[in-house]
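Computed from the coordinates by the stated procedures, all read-outs in this text should not be read as laboratory data. The model shown is predicted, which means the values in this text are computed figures rather than measured ones. We place every Cβ from the backbone using ideal geometry, glycine too, and count neighbours over all the protein chains shown.
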Amino acid sequence: MADPMSMVPGPPRGRRRETIGDALRRVQSMRDRETESGNAAVWVLRIVGDVILLLKDLATDSRVPRSDKIVAGIAAAYLVTPVDLVPDWIPVFGQADDLAVVMFAVRRLMAGAGYDVIYELWRGTDEGLALVLTLAGVEK
C-alpha cells in the first residue's frame, strides 16, 4: 500500500495545512468520480464500513491509550442514553450535540493511536485513509 500521507497536502514550504473544508472538497471530488460511474452509495458504504472496522480495531488495540478508549466508551454510552445536553426534539441542535460528542471521541481515539497504528490497522483504500487522517487531524 502506498503511503496515504502522500495524498494529503501538508504544510511544506509556505503552504498551509489542509483544513476540514479542503478534506470535504476532496470527499466531494471522490464522490463525484464514483457518482459518474454509478457507485456513490457503494463508495459511502465502503468508507463507513472501513471506519467502523478501524474504530473497533483501535478500541481493542493495546497500543491505544486506555484513557482514550474510556472516552470513546463514554461517548458511545452518551449516544444510547436518553439524557442529552440538548434535547433531540430541537431541530438540528438536538443532533449536533451527539455529532460533537462522537467527533471529539473519535478524534481523541485516533490521535491517541497515532499515524503508525492507524496505518497498520486500516483496511480500506489509500484515499479513504488520507481522508480519515485529515478529518481526525492525525499527522505523520
Return the distance in nm (one decimal) between the two label points of a simple spin-label model at VAL42 and VAL83, each offset 7 Å from Cα along Cα→Cβ.
4.5 nm
Length gain on complete extension for the stretch ARG25 to ALA96, per 0.36 nm per residue less the alpha carbon to alpha carbon distance?
23.4 nm
Please work out the Cα center distance from the stretch 70-85 to the stretch 45-62, rounded to the nearest Å.
18 Å
Within the stretch 49-127, trypsin sites (Lys or Arg not before Pro) in DSSP loop having at most 15 other beta-carbon neighbours inside 10 Å:
ARG63, ARG123
